[in-house]
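**Student:** Below is the structure I would like to discuss, written out as structure tokens.
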Amino acid sequence: MASLSFDVVIIGAGPAGLMAARKAAEKNVKVLLCEKDLSLGAKPCGEAVSGSTLQDAEIPPSPKFVANRIKGFTVYAPDESKKVEIWSEELGFGEGYILEKPVFLREMASRAVKAGAEIWMRSEVSGVERKADGGFKLAVNRLGGKVTVEAKILLGCDGVTSLVAQTFFERKGYEVIPCIQYKIVGCRIEEADVPAAYVGGEVAPKGYVWVFPKSREEANVGVGVRGAPAKPYLDKFIERHPEMFRKAQPVEVKAAPVPISGQISRIYREGVMLCGDAAGQVIPLTGGGIHSSIVAGKITGELAGAAAAEGEANFSEYPKRYTPWSNRIYRSLTALKLIENLGDEDLNMLAEVLDGRDIIDLANGFNLERVGAKLSKHPVFAERLGQALLKALGG
Ligand SMILES: Cc1cc2nc3c(=O)[nH]c(=O)nc-3n(C[C@H](O)[C@H](O)[C@H](O)COP(=O)(O)OP(=O)(O)OC[C@H]3O[C@@H](n4cnc5c(N)ncnc54)[C@H](O)[C@@H]3O)c2cc1C
């Protein structure tokens, strides 16, 4: 039995925690990762990632965990005859993937273990307190038994309900939206390499429906909405699309929240850092958080490992190194706040004005100044969207 004292303890084996465990262990320090679930990837997920996500995870694409390679994306306006098509190659992005996320997480776990990390499954951390020497004492319910673990450094990668956030951080304004997803088989999807999003007040108020195919017959189909229960919207969408779902059946039904209020103001304190969903590090307009969580896990794992190895912590580097992502999250949130107030007619019209590059920039918080300037010239969207966007960005 291993000793119960560790240099770095990480709570939560999602994308953030698994990346952090690997990076910390690569510094040759004692690392423990505690996960309360029985298996990795139990949480529902659309499983869509960009190619650069795998690059940042330092894991090359493999048929083991890539269910489907995607070459574009279509966003449907409320009037579905209007749509914006996004072609990754044309826009200079590589291909994207629909993962088998649990298998991908096992690949991440395998690399963390190879680097020297210990992983405890079905081990819920039920309490954490700071010791007089600045370290941490954790109460862990491990496989039904109670264990006490000590840590010099603590990483909270424990998702939306984060115990670490509740104990050591303020999450003022932290907001989540309910999502529900079905894994559906027996579908008839015309273009399996082009996932789709559907927007509009009727389809998903202040959110969207996604259809992320794994093949022509199987897809992750889900919805996130604001201020309403999600399931009726998903059922209605499926009913309205017999061309895809007439003979289809859900074989998995799961729900989970997604944080959409942006990154919280403080993401580290003495000896402790917060990553991923726990810190609100999700791109608000898309709800995508795998990539942003992996990058946060990588930075905090490196910093935690180095601090334990060298005896000197430099955690202020975390927000500095994460700045490109914090900016993207902030800018996507700015775009979301403006777009979510548009009615269906506006969204139909917007689909005629915006092209694929505009959608990519808006959704990801990239070059919003360019989109703002373009919309500023439009007779309908000039003030409400174009100038409002530029003003919100301080331009
Ligand atoms: C329905 C849905 C669809 C999504 N689709 C996509 C998508 O297609 N693409 C994308 O990029 N993102 C998507 N996301 C978002 C993405 O799943 C998350 O942003 C990402 O998983 C966050 O990673 P994380 O490691 O921070 O947290 P999580 O993946 O939530 O992992 C946190 C882990 O901590 C564990 N834990 C919590 N508390 C404790 C405790 N006290 N003790 C021990 N363990 C604990 C949990 O069991 C969990 O395994 C989706 C989210 C949802 C809900």
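**Student:** Mind pulling the per residue volume of the convex hull built on the Cα atoms of segment 81-235? Å³ is fine. Could you put the intermediate results ahead of the total?
**Tutor:** Working: hull volume 32.4 nm³, N = 155.
Here the figure is 209 Å³ per residue.
**Student:** Ranked by Cβ crowding within 10 angstrom, fewest neighbours first, how are 375, 40 ordered? If you can, show how the numbers build up before the last one.
**Tutor:** Working: 375 25, 40 21.
Final ranking by Cβ density, sparse to dense: 40, 375.
**Student:** Then there's this: Show me the GluC sites (Glu not before Pro) within segment 264-324 that DSSP assigns to loop and that have at most 15 other Cβ atoms within 10 Å of their Cβ. All intermediate terms of the calculation are to be shown ahead of the outcome.
**Tutor:** Working: sites: 270, 302, 310, 312, 317; in loops: 270, 312.
Of the GluC sites (Glu not before Pro), the ones in loops of segment 264-324 whose Cβ has at most 15 other Cβ atoms within 10 Å are 270, 312.
**Student:** Using alpha-carbon pairs under 8 Å, 6+ residues apart, how would you state the relative contact order of segment 331-392 in percent?
**Tutor:** Numbers: 55 pairs, mean separation 22.8, N = 62.
Worked out over segment 331-392, it gives 37 percent.
**Student:** Placing unit charges on C-beta atoms (Lys and Arg positive, Asp and Glu negative, everything else neutral), compute the dipole magnitude of the chain about its Cα centre in debye, rounded to 20.
**Tutor:** On the way: 50 positive and 49 negative charges, 176 e Å.
Computed about the Cα centre, the dipole is about 840 debye.
**Student:** What does the charge add up to near residue 379, with Lys and Arg as +1, Asp and Glu as -1, over the other residues with Cβ less than 15 Å from its Cβ?
**Tutor:** On the way: positive: 374, 377, 384; negative: 345, 346, 352, 383.
Its environment carries a net charge of -1.
**Student:** Moving on. Give the separation of the Cα centroids, segment 341-395 to segment 193-214, in Å.
**Tutor:** 19
**Student:** Still on this structure: So if each residue of separation counts as 0.36 nm, and I subtract the Cα-Cα distance between residue 367 and residue 310, what length gain in nm does that give? Kindly include the intermediate steps, with their values, before the conclusion.
**Tutor:** On the way: separation 57, 0.36 × 57 = 20.52 nm, distance 3.95 nm.
Taking 0.36 nm per residue and subtracting the Cα distance, the gain is 16.6 nm.
**Student:** Moving on. Long-range amide H contacts for residue 83: which residues qualify at under 5 Å (H placed 1.01 Å from N, peptide plane, sequence gap of 5 or more or a different chain)?
**Tutor:** 77
**Student:** For segment 151-237, which trypsin sites (Lys or Arg not before Pro) pass both filters: DSSP loop (anything but H, G, I, E, B) and at most 16 other C-beta atoms within 10 Å? Can you show the working numbers first?
**Tutor:** On the way: sites: 152, 171, 172, 183, 188, 206, 214, 216, 226, 236; in loops: 171, 172, 188, 214, 216, 226.
Passing both the DSSP loop test and the Cβ count: 172, 188, 216, 226.
**Student:** When DSSP assigns beta bridges and you keep just the ones with both residues in the chain, what percent turn out antiparallel, to the nearest 5? Before the final figure, lay out the partial values.
**Tutor:** Numbers: 55 of 74 bridges.
Of the beta bridges lying entirely in the chain, close to 75 percent run antiparallel.
**Student:** Let me ask you something else. What are the extents of the Cα atoms of the chain along their three principal axes, in Å, largest first?
**Tutor:** 63, 51, 37 Å, listed from the longest principal axis down.
**Student:** Additional query: Report relative contact order for the chain in percent, whole number only (criteria: Cα-Cα under 8 Å, sequence separation at least 6). Intermediate results must be reported in sequence, preceding the final value.
**Tutor:** Working: 913 pairs, mean separation 78.9, N = 395.
In percent, rounded to a whole number, it is 20.
**Student:** Run the helix sum for the chain: -39,500 (n - 2.57) per DSSP H stretch of 4+ residues, divided by residue count, reported at 222 nm to the nearest 500 deg cm²/dmol.
**Tutor:** Working: 13 runs with 128 residues, N = 395.
My calculation for the chain gives -9500 deg cm²/dmol from helical runs alone.
**Student:** Mind jotting down a quarter of the surface of the convex hull over the alpha carbons of segment 331-392, in square nanometres, one decimal?
**Tutor:** Numbers: hull surface 14.1 nm².
Taking the Cα atoms of segment 331-392, their convex hull projects to 3.5 nm² on average.
**Student:** So, one more: I need the trypsin sites (Lys or Arg not before Pro) found in segment 308-389, filtered to DSSP loop residues with at most 14 other beta carbons within 10 Å of theirs.
**Tutor:** On the way: sites: 320, 321, 328, 331, 337, 357, 370, 374, 377, 384; in loops: 377.
Those that pass, being in a loop and sparsely packed, are 377.
**Student:** Work through the residues other than residue 340 whose Cβ is under 10 Å from its Cβ and net out their charges, Lys, Arg +1 and Asp, Glu -1. Provide the component values of the computation, followed by the final result.
**Tutor:** Details: positive: 206, 226, 337; negative: none.
Surrounding charge for residue 340 is +3.
**Student:** If you average the alpha carbon positions of segment 113-157 and of segment 252-307, how far apart do those two centres end up, in angstrom?
**Tutor:** First find each Cα centre; the distance between them is then 19 Å.
**Student:** Which net charge results when you count Lys and Arg as +1 and Asp and Glu as -1 among the other residues whose beta-carbon is under 10 Å from that of residue 123?
**Tutor:** Numbers: positive: 36, 122, 142; negative: 35, 37, 124.
Counting the neighbours of residue 123, the net charge comes to 0.
**Student:** Over the Cα atoms of segment 132-192, each weighted equally, I'd like the Debye log10 I(q)/I(0) at q = 0.13, 0.28 Å⁻¹, rounded to two decimals.
**Tutor:** Normalising to I(0) and taking log10 leaves -0.63, -1.27.
Quick note: the coordinates plus some simple rules give every number you see, no bench work behind them. Not measured: the values here are computed from a predicted model. Neighbour counts run over all protein chains shown; Cβ positions are idealised from the backbone, glycine included.
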